[in-house]
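A.B. asks: Sharing a structure, written as structure tokens. Questions coming.
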Amino acid sequence: MPKAAAKEAEQLPAILRRLRRKRCILTFHSLGDADAAGAAIALKRHLGSNCTIAPPDKPSSSARRLLEATHSSITMFHELKFSGNEAVVALDSASPYLMRHLAGTTPDLIIDHHARLGGEIKAKAEINDPSASSTCEILALSLLPKDKISCISLLAGIIADSAGFKYATHKTFQAASFLLKNSGLGYGSILSLSFAPETLGERIESLRSCQTVSAERIGEYIVATATAKSHESHFADALIHLGADLAFVGCKGEDGRISARMRESLKGKVHLGEIMAEAGKALEGSGSGHELAAGASGKRESLESAMSVCLKLSEQQILSSESGKIRKIEW
Ligand SMILES: [Mn+2]
């Protein structure tokens, strides 16, 4: 953890003690994932009963599974009645695009692990550690919970967001070891909670997406692009397994989304977070992420042009890295 972030995280228990006096609304990004839900479940248990988990929309299947398995009740954010005296805590994102329901409010606290690229929501207090694999990792290491449900939820979130420890650091393993010990469960049982089982339809969709793959050799690297009807991050992971150094998978749903994954081989040569921030602009939405995994979302009509932005910028960064330096993004 960078020193500044470590200092921030140390302040978390004190910030939470202050919030505990109020009714707390715990919310997260649109289409909340296991990391968002796991963090909300553990934080609710830490803060006590006067606390509501309020997603902005229907969480993803893995998040719903985790919420159901831990008997955690939720209330949709737009159904809440506000008295004006609540504390709002936003988890796992600070992107205004993914947190539209917070427009016009200043959350009391944001806890998030995505790199700041500008334009994020501002909160009264912020814990942001981009070196953490997940929001659940930040919570695990600063709160050190002992109750089983919190430990199971946080570990499930860590496993999901670190893509099965692929993006883990020694801190991630430290958190995982602590949580597993206190969860009372075997690793396999928690693993099955982290990834929602795929339905037949989803697996067919994934296999059909293979028809859309195109791969290009740029210098000594392979960049793959594809489109998927759903599960774009899962498919981007699969492309890396298949041999791509860099993979961009576009998805046209109600909105347009791109999921990007990268091999360690391109670390320091390609800045995925920057590319996805540009792709987010092309989508008239936003993008952000980590060194090896990132994403962008916005308007569905702009997906094709955003995909070509991804390809063009990665080509530019890979080729210019041959001198060992990353050139600034140029248009
Ligand atoms: Mn996360």
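A.B. asks: Quick one: grab the alpha carbon gyration tensor of region 59-136, order the square roots of its eigenvalues as a ≥ b ≥ c, and give me rounded if a/c is under 1.5, else prolate or oblate depending on whether a/b is larger than b/c.
C.D. replies: Cα axes put region 59-136 in the oblate bin.
A.B. asks: Also, quick follow-up: Counting other Cβ atoms within 10 Å, keep those with at most 12, restrict to DSSP loop, and tell me which chymotrypsin sites (Phe, Trp or Tyr not before Pro) in region 4-93 are left.
C.D. replies: Sparse-neighbourhood loop chymotrypsin sites (Phe, Trp or Tyr not before Pro): 82.
A.B. asks: For Cα pairs less than 8 Å apart in space and 6+ apart in sequence, what is the mean separation divided by the residue count of the chain, i.e. the relative contact order in percent?
C.D. replies: It rounds to 12 percent for the chain.
A.B. asks: What is the angle, in °, between the Cα long axis of helix 303-320 and the longest principal axis of the Cα atoms in the chain? Nearest 10 is fine, range 0 to 90.
C.D. replies: Its long axis makes an angle of about 70 degrees.
A.B. asks: At 222 nm, what value in deg cm²/dmol follows for the chain if DSSP H runs of at least 4 each add -39500 (n - 2.57) and the sum is divided by all its residues, to the nearest 500?
C.D. replies: -12500 deg cm²/dmol
A.B. asks: What residue among 287, 157, 104 has the largest mean-square fluctuation in a Gaussian network model of the chain, using Cα springs under 10 Å?
C.D. replies: Result for the chain, Cα springs under 10 Å: 104 fluctuates most.
A.B. asks: If packing is taken as the mean number of other Cβ atoms within 10 Å per residue, what is the order of 217-227, 293-303, highest first?
C.D. replies: Descending packing order for the listed peptides: 293-303, 217-227.
A.B. asks: Now, a different point. Sort region 182-331 into rounded, prolate or oblate with this rule: let a ≥ b ≥ c be the square roots of the eigenvalues of the Cα gyration tensor; rounded if a/c is under 1.5, and if a/c is not under 1.5, prolate when a/b is larger than b/c, oblate otherwise.
C.D. replies: prolate
A.B. asks: For region 1-107, what's the relative contact order in percent, using C-alpha pairs closer than 8 Å and at least 6 residues apart?
C.D. replies: 32 percent
A.B. asks: Of the DSSP beta bridges with both residues in the chain, give the percent that are antiparallel, rounding to the nearest 5.
C.D. replies: Counting DSSP beta bridges with both partners in the chain, the antiparallel share is about 50 percent.
A.B. asks: Mind checking which of 251, 136, 210 has the largest fluctuation in a GNM of the chain, springs on alpha carbons under 10 Å?
C.D. replies: With Cα springs under 10 Å in the chain, the top fluctuation among 251, 136, 210 is at 210.
A.B. asks: Can you list, by residue number, the Cys in the chain that have no neighbouring cysteine C-beta under 4.7 Å?
C.D. replies: So far as the 4.7 Å Cβ criterion goes, 136, 151, 210, 251, 310 stand without a partner in the chain.
A.B. asks: Label the chain by shape, choosing from rounded, prolate and oblate, from the square roots a ≥ b ≥ c of the eigenvalues of the Cα gyration tensor; if a/c is under 1.5 it is rounded, and otherwise prolate applies when a/b is larger than b/c, oblate when it is not.
C.D. replies: prolate
A.B. asks: So, one more: At most 15 other Cβ atoms within 10 Å and a DSSP loop assignment: could you name the trypsin sites (Lys or Arg not before Pro) in region 106-150 that fit?
C.D. replies: 116, 122, 124, 146
A.B. asks: Compute the angle between helix 200-209 and the longest alpha-carbon principal axis of the chain, please, reported from 0 to 90 degrees and rounded to the nearest 10.
C.D. replies: Roughly 30 degrees, rounded to the nearest 10.
A.B. asks: For the charge dipole of the chain, defined by +1 on Lys and Arg C-beta atoms and -1 on Asp and Glu C-beta atoms about the Cα centroid, which residue among 288, 182, 95 has the Cα displaced farthest towards the positive pole?
C.D. replies: The Cα lying farthest towards the positive end belongs to 182.
A.B. asks: Taking region 227-278, which trypsin sites (Lys or Arg not before Pro) meet the DSSP loop condition and have no more than 12 other C-beta atoms within 10 Å?
C.D. replies: Taking region 227-278 and a limit of 12 other Cβ atoms within 10 Å, the loop trypsin sites (Lys or Arg not before Pro) found are 267.
A.B. asks: Provide the percentage of antiparallel DSSP beta bridges, counting only those with both residues in region 205-323; round to the nearest 5.
C.D. replies: 80 percent
A.B. asks: While we're looking at this one, here's another question. What is the dipole size for the chain, taken about its Cα centre, with +1 at each Lys and Arg Cβ and -1 at each Asp and Glu Cβ, in debye to the nearest 20?
C.D. replies: In total the dipole reaches around 1000 debye.
A.B. asks: How high is the relative contact order of region 3-194? Use alpha-carbon pairs under 8 Å, at least six apart in sequence, and give a whole percent.
C.D. replies: 23 percent
Throughout, read-outs are computed from the coordinates displayed, never taken from laboratory work. Remember, it's a predicted structure, so these values are computed and weren't measured experimentally. Note: ideal-geometry Cβ built from the backbone for every residue, glycine included; neighbour counts use all protein chains shown.
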